[in-house]
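Each remark here refers to the structure printed beneath this line.
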Amino acid sequence: MATANSSVVLPAPSHPMANPGFGKHSAPDRAPPGAHDFVHLPKREAAIAAFIDRLPEGAAMDVKTLAKVLPDYGQQACRTAIRRLREAGHVFLRQVAAKTAAGVRWVTLTFFSRTARSQAWWEERVGEHPEARPAPEPEPVRPQPQPQPQALPSRAYQVLARLRHAEPRLTLSAAECEALEPLAAQWLDRDATAEQLTAAVTAGLPQHVHHPAGLVGKRLAVKMPPVPIRHLVPAPPAPRAVPDTFRAADDAKPVAHSRHADKCRAAAGFPLKNRRSQP
């Protein structure tokens, strides 16, 4: 593999944050992150759990937000995944009373644990969670513009989005896939297959992946395959046309040489050879 520029720095797309007091709440007594945190889950649920696990405190992890930032997963898929994560003990929802200008209303707090926990554990540890902060008043519903038809994602984008199937810890958001798309496209332009790109990115991962997009970007740059030979061999130059003036001069050379030879033979007293009359 040829070494490319390994100093490529990709901006980390920011994830939407929830209103103060809401969003992701990390459960206490979490085990350190490891390579086998979510191997007991189906691929989709493992990918979404790994993505939520690396979100900061207070990050929005509602169904609509997840469907917006994760490629290829709609709201129904995210809703089903969150339900299954609750059943597996990774997500716990707690309703609390929140004070608003209109009075007290019930809101839902969302807790996440890297380690699967039982319902009894959740009730004991976060059942007495402090009352939520005052919730802001909901904004008036505004008519949403009709979504414009979007072009199909490129093959490079799809390969990046599907890394989560091979390694849930490398679940990338849509913004991260777009940022890494040019590097992945170079791999494919250099005749690498999707399987080769996936293997190069996922092989030998560290125990804890702190920044999946940064790791993927660095490996794509450092392990960039060489340019195929067919791209390096220059095309043969096109034959150049000979100007008519040069061609006429070349045609006249034999005639001029013959006349000069006749003069020399005559001066030396030799008989001239019989030739057709020259023009």
Practice prompt. Obtain the nm distance between the two label points defined at Leu93 and Arg162 by a simple spin-label model: each point lies 7 Å from its Cα along the Cα-to-C-beta direction.
Written response: 3.3 nm
Worksheet item: So for Leu172, Leu55, fewest C-beta neighbours within 10 Å to most, what's the order?
Response: Leu55, Leu172
Discussion item. Just to be sure I understand the model, the point goes 7 Å from the Cα along the line to the Cβ. What's the resulting Ser26 to Ala185 distance in nm?
Written reply: 3.6 nm
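Would you mind calculating the gained length between Arg155 and Glu57 on full extension (0.36 nm times residue separation, minus the Cα-Cα distance), in nm to one decimal?
31.9 nm is the gain from fully extending Arg155 to Glu57.
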Discussion item. Among Leu188, Tyr157, Leu215, which residue has its Cα furthest toward the positive end of the charge dipole of region 155-227, with +1 on Lys/Arg Cβ and -1 on Asp/Glu Cβ?
Written reply: Leu215
Response to the item:
Going residue by residue through region 109-121, the Karplus relation 6.51 cos²θ - 1.76 cosθ + 1.60 with θ = phi - 60° gives ³J(HN,Hα) values, rounded to whole Hz and with x marking Gly or Pro, of 9, 10, 10, 10, 10, 5, 8, 5, 10, 7, 4, 5, 4
Worksheet, complete the sentence: Put in order of increasing Cβ neighbours within 10 Å, starting from the fewest, Val159, Val69 give Val69, Val159
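Please give the charge dipole size of region 148-208, origin at the Cα centre, charges +1 on K and R Cβ atoms and -1 on D and E Cβ atoms. Round to the nearest 20 debye.
Details: 5 positive and 7 negative charges, 31 e Å.
Rounded to the nearest 20 debye, it is 140 debye.
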Fill in: Listed residue pairs exceeding 26 Å between alpha carbons, taken from Lys64/Lys223; Lys43/Lys68; Lys43/Lys64; Lys24/Lys99
Lys64/Lys223
Discussion item. For Asn19, project a label point 7 Å along Cα to C-beta. Then give me every residue of region 103-121 with its amide nitrogen under 13 Å of that point.
Written reply: 103-109
Worksheet, complete the sentence: Computed from the beta carbon distance with a Förster radius of 30 Å, FRET efficiency for Ala102 and Gln76 to the nearest 0.05 stands at 0.40
Discussion item. Distances longer than 21 Å among the Cα atoms of region 15-133: what percent of all pairs is that?
Written reply: 38 percent
Discussion item. Counting other beta carbons within 10 Å of each residue's own, what order do Cys177, Cys78 fall into, fewest first?
Written reply: Cys78, Cys177
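Coordinate-derived values only; no laboratory data. Because the structure is predicted, anything quoted here is derived from the model rather than measured. As a convention, Cβ positions derive from the backbone with ideal geometry for all residues, glycine included, and neighbour counts pool all protein chains shown.
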